[in-house]
1. I'd like the FRET efficiency for D255 and E235, computed as 1/(1 + (r/R0)^6) with the beta carbon distance as r and R0 of 22 Å, rounded to 0.05.
2. Return the subset of K66/K116; K237/K261; K66/K140; K66/K193 for which the Cα-Cα distance in this structure is over 23 Å, preserving the input order.
3. For E269 and S67, calculate 0.36 nm times their separation in residues minus their Cα-Cα distance, and state this gained length in nm to one decimal.
4. Starting from 0.36 nm per residue, how many nanometres of slack lie between I227 and D175 once their C-alpha separation is accounted for?
5. Name the long-range amide H neighbours of R277: under 5 Å, sequence gap of 5 or more, or other chain; modelled H, no Pro or chain starts.
6. For L209 and K193 in the same chain, what is the full-extension length gain: residue separation times 0.36 nm, less their Cα-Cα distance, in nm?
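Every read-out reported here was derived from the displayed coordinates using simple, explicitly stated rules and does not represent laboratory data. Nothing here was measured: the structure is a model prediction, and the numbers come from that model. Don't worry about glycine lacking a Cβ; one is built from the backbone with ideal geometry, like all the others, and counts go over all protein chains shown.
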Amino acid sequence: MLKPQLHLSNSTKVPFLLHKPFIHGNFNASLPISMHSFCRKNKHIVRVGFNPNNIKVQAVASSTEKSVSVKAIVTVKPTVGGFLTNLGIDRGLDDVQDLLGKTLLLELVQAELDPKTGLEKDTIKGYAHRTKGKENGVVKYESSFEVPVDFGEIGAVYVENEHHNEMYLQDIILDGFSNGPVYVNCNSWVHSKYENPQKRVFFSNKSYLPSQTPSGLCRLRETELEILRGNGQGERKSFERIYDYDVYNDIGNPDSSVDLKRPVLGGKERPYPRRCRTGRPRCKTGFGKCQKRDLRDLAITK
């Protein structure tokens with residue numbers, strides 16, 4: 001407890017009358033107190049009531065809330081093939097990438113556009129490294145991110161495969177957000193960036209109606225739909241995921257022999273279920289509807 005102190009000054013003094021005698025003496029005894037003493041005393045009380053710890057606590061809280069540590073866990077299924085898949089130069093290069101901790105490049109995508117600029121926010125990038133051993137027949141890759149608190153909700157994840165071989169991604173889990181983890185189901189093959197330089201995008205499990213799709217995901221949704229539809233032109237490549245269909249016009253091989261000519265299955269004359277379009281060149285024998293057959297490169301959408 002602070003004890004009040006009385007300071008004498010040469011300035012003008014105002015007599016402070018006491019209603020009762022001060023110990024022993026005259027009833028009208030007065031105590032000279034300076035007005036400047038009250039001012040200094042009041043200021044001193046204000047300073048005593050000021051607690052700098054409050055500002056210090058607020059500063060610490062604001063500094064700690066600038067970013068959130070998020071951990072990404074990627075589940076990958078090993079390719080089927082056993083010992084044969086572990087042979088070759090590409091396998092050795094992939095092992096080097098694993099040792100360097102640069103197997104998968106992940107980019108976190110914000111669900112909404114930047115309210116100030118109306119543009120997409122910059123993604124948050126991070127490499128995922130392989131953890132030791134296998135668990136239940138799958139391989140785990142981990143990555144860490146520092147996500148600003150004002151970044152917003154995660155709507156999608158870009159994935160780039162740094163390996164020379166394709167990988168089958170099962171799912172991605174982003175853990176560390178205050179409202180719970182973000183789950184991303186992939187269940188798809190991701191080809192090497194050396195074969196397909198275009199990054200794969202996987203959306204979070206949160207569903208939206210078309211009219212309620214977040215602004216930051218509209219362009220990505222439209223681009224992904226165009227990739228899956230294709231334009232019906234050109235020859236299919238192994239990394240493409242086009243769900244485009246065609247008739248069975250590659251059953252025969254008339255270029256080798258006229259006797260190997262076969263009718264086209266599908267269409268009005270011979271209705272038949274469609275196959276995935278390959279876009280392979282036509283036969284040279286003049287059969288306009290017939291395509292060259294290549295069993296070494298079957299078009300299977302992954």
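1. 0.80
2. In this structure, K237/K261; K66/K140; K66/K193 exceed 23 Å between Cα atoms.
3. That pair, E269 and S67, stretches by 66.3 nm at full extension.
4. Separation in residues times 0.36 nm, less the Cα-Cα distance, equals 15.7 nm.
5. D244, Y245, D246
6. My answer for the length gained is 2.5 nm.
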